[in-house]
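Engineer: Structure provided below as structure tokens; questions to follow.
The values are calculated or read from the model by the stated rules, or taken from the named source; none is laboratory data. Note that the coordinates shown come from a computational prediction; the quantities given were computed from them, not determined experimentally. As a convention, Cβ positions derive from the backbone with ideal geometry for all residues, glycine included, and neighbour counts pool all protein chains shown. SASA here: full protein model, heavy atoms, side chains in, ligands and nucleic acids out. Shrake-Rupley method; radii C 1.70, N 1.55, O 1.52, S 1.80 Å.
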Amino acid sequence: MSLRAELLRLGIRLFIKRRSHQLDVEGWRRDMREMERLVPPPPARCKTVEIQAGRLSFVQVTMPASRPFRNLLYLHGGGYISGAPAHYRHFTWRIADAARAVVWVLDYRLAPEHPFPAALEDAVEAHRHLADRTPQTGALLMMGDSAGGGLALALLLKLRDDGARSPTAAVALSPWTDLTLTGRSLTDNAAADPMMNVDDLPEFAQYYLAGADPRTPYASPLYGDPAGLPPVLIQVGSDEILRDDAVRMAKRLQAANPCSRLEVWPRMPHVWQLFVPVIPEAHQAIARIGEFLTGVSTEV
């Protein structure tokens, strides 16, 4: 682990990890909007376009390396109650470059105003929009982080069950896969996790589910049958409270598809890939993501 990463762990523990156990949704969102100002812009060689497709809103990210018929749907994190494409403008261009794809960052509806299954419905429609623009000879890819990682896995199940075209491959970063909150790492890593506060998760789940069964696979993909799903790469930090959400999900995915892969990175914080301007481990993880997606997807 690099010295920069160790310093990052200390910094986010001091300045990001919440101590309050009372979740104020509007305050949380306000803090997220304030953080947008700190997100570096993409380089000049990156083409970024806001696209409205019916009721869906995307930010389309294209790099010189992006192939026109390699489309990647990105589902952002934020506990299903916050988050926006603007928080990822320093990151998604790197994914577009590494995966040689056009990245479409979906601004899906958020709870509590739009609880489950609104986010999944938006993701299904967004995937259909990309599938219509991706010939069968092209690559249709999917990726998400945290809650967006769980949403991406739920979307794979939904597409399979609906008989719709599936992505060629998918990536989930520190995914939240079990809204019943049964993973042992929720307690084992409660103190070690430098960013996530385990006491926030029941409130996130309550806002998102709004009374729905937390074991439904379209909300908690850990409880779904992974048979027939495409290869999935999962990356997670060893000290995360969501480590076991990732590990248990990966075991099920690998049993159904040996091409799926799990990477547990020592001492990395939650979705450390987003700290790519700061730590070398983020660059390394993004390179691994690019290798996975280009290795298993169709070349165009």
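Engineer: Based on the Cα atoms of the chain, what semi-axes does the equivalent ellipsoid have, where each is the square root of 5 times one gyration tensor eigenvalue, given in whole Å with the largest first?
Structural biologist: After diagonalising the Cα gyration tensor, the semi-axes are 26, 22, 20 Å.
Engineer: Using modelled amide H (1.01 Å from N, peptide plane; none on Pro or chain starts), what sits under 5 Å from the amide H of residue 197, excluding residues fewer than 5 places away?
Structural biologist: For residue 197, the qualifying residues are 18.
Engineer: Which FRET efficiency value, to the nearest 0.05, is calculated for residue 17 and residue 188 with the Förster distance at 30 angstrom and r the Cβ-Cβ distance?
Structural biologist: Efficiency, from the Cβ-Cβ distance: 0.95.
Engineer: Please work out whether segment 128-225 counts as rounded, prolate or oblate from its C-alpha gyration tensor, where a ≥ b ≥ c are the square roots of the eigenvalues and a/c under 1.5 means rounded, while otherwise a/b larger than b/c means prolate and anything else oblate?
Structural biologist: In terms of gyration-tensor shape, prolate.
Engineer: Per residue, how large is the accessible surface of the chain? Use a 1.4 angstrom probe and give square angstrom.
Structural biologist: 41 Å²
Engineer: Tell me the mean residue ellipticity at 222 nm calculated for the chain from its helices only (DSSP H runs of n ≥ 4, each -39500 (n - 2.57), averaged over every residue, nearest 500). Display every interim value, and only then the final one.
Structural biologist: Details: 9 runs with 108 residues, N = 300.
Using -39500 (n - 2.57) per qualifying helix, the result is -11000 deg cm²/dmol.
Engineer: Can you figure out the FRET efficiency of residue 216 with residue 53, using R₀ = 25 Å and their beta-carbon distance, to the nearest 0.05?
Structural biologist: 0.40
Engineer: Carbon-plus-sulfur fraction of the accessible area of segment 57-157, 1.4 Å probe, in percent?
Structural biologist: Here carbon and sulfur together make up 54 percent of the probe-accessible area.
Engineer: Follow-up. Considering only protein heavy atoms and a probe of 1.4 Å, how much of the accessible area of segment 170-300 is carbon and sulfur, as a whole percent?
Structural biologist: Here it works out to 56 percent.
Engineer: Say a site is exposed when it is one of the trypsin sites (Lys or Arg not before Pro), sits in a DSSP loop, and has at most 10 other Cβ atoms within 10 Å; what is then the longest site-free stretch of the chain?
Structural biologist: The longest uninterrupted stretch comes out as 56-300.
Engineer: If I take every Cα pair under 8 Å that is 6 or more residues apart in the chain, average their sequence separation and divide by the length, what percent do I get for the relative contact order?
Structural biologist: 21 percent
Engineer: By the scheme Lys and Arg +1, Asp and Glu -1, what is the net charge of all other residues having a beta-carbon under 12 Å from that of residue 181?
Structural biologist: That works out to -4.
Engineer: Next question. What helices in the chain pass both tests, a Cα length along the helix axis of 24 Å or more and a mean Kyte hydropathy of -0.5 or higher, using whole DSSP H runs?
Structural biologist: Sorted by number, the helices that extend far enough and score high enough are 280-296.
Engineer: Report, in whole Å, the centroid distance computed from the Cα atoms of segment 72-107 and segment 171-199.
Structural biologist: 22 Å
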